[in-house]
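Working notes for the structure below.
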Amino acid sequence: MLQVGKKAPPFDMPSTKDMKDLKENVSLSDYRGKWLILFFYPLDFTFVCPTEIKAFNDKYEEIKKAGADVLGISTDSVFSHRAWINTPEDQGGLGSLKYVLASDITKDVSRDFGVLLEDKGIALRGLFIIDPDGYLQYQVVHSLNTGRSVDETLRVLEALKTGGLCQADWKPGQKPLSVG
């Protein structure tokens, strides 16, 4: 069972690492040694999903500076991902991305992370932060209609990286709580 503090489930999925041939997979082991913000979204070519994908793209340099990487996952094929990335933004496309999208076409990874809506064959909006040793440190799942906050994700990432006790509304630059 997926639980914060336990090892994240391993995965190996087709990805957009190689946009030309789409023959390069992505796996959890690719991110060993760095923090990973892994997020699931329901479907390509939809409405809320591109706002989240673009928001992570807009903050990607800040995420990288914080020592993390990003991986977006849906149950769509890598061919759909590539078409969406290559479609101009004014026609409902994403435009270029600084990070990889992966295809959970088998739905195994969505199932392993507890976000698969079996009856629809799509994932809920699950977001997970995995530490450099592969342990799950944070998880949040939203309904299909509600997008996530990249700023809140960055705040939580920075709080986790302190290794300390971070109070409610803690912000980067503040000291963690001291006990005793």
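Only the coordinates and a few stated rules stand behind these numbers; no lab work does. Not measured: the values here are computed from a predicted model. Cβ: placed from backbone, ideal geometry, glycine included. Neighbour counts: every protein chain shown.
What the table shows:
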| item | result |
| --- | --- |
| Span from the region 6-49 Cα centroid across to the region 82-135 one, whole angstrom | 7 |
| Packing-based exposure ordering (other Cβ within 10 Å, fewest first) of HIS142, HIS81 | HIS142, HIS81 |
| Cα-Cα over 31 Å, subset of LYS17/LYS171; LYS23/LYS161; LYS23/LYS64; LYS65/LYS120 | LYS17/LYS171; LYS23/LYS161; LYS65/LYS120 |
| Packing-based ranking, highest mean first, of 25-33, 121-129 given that Cβ atoms within 10 Å are counted | 121-129, 25-33 |
| At 0.692 mPa s and 37 °C, Stokes D of the chain from Kirkwood alpha-carbon radius, µm² per second | 196 |
| Extension reserve of the MET1-GLN174 stretch, reckoned as 0.36 nm per residue once the Cα distance is removed | 58.9 nm |
| Within the chain, helix-based [θ] at 222 nm, where runs of 4 or more DSSP H residues each add -39,500 (n - 2.57), nearest 500 | -7000 deg cm²/dmol |
| Aspartates and glutamates with Cα under 12 Å of LYS175, excluding same-chain neighbours fewer than 8 positions away | GLU158 |
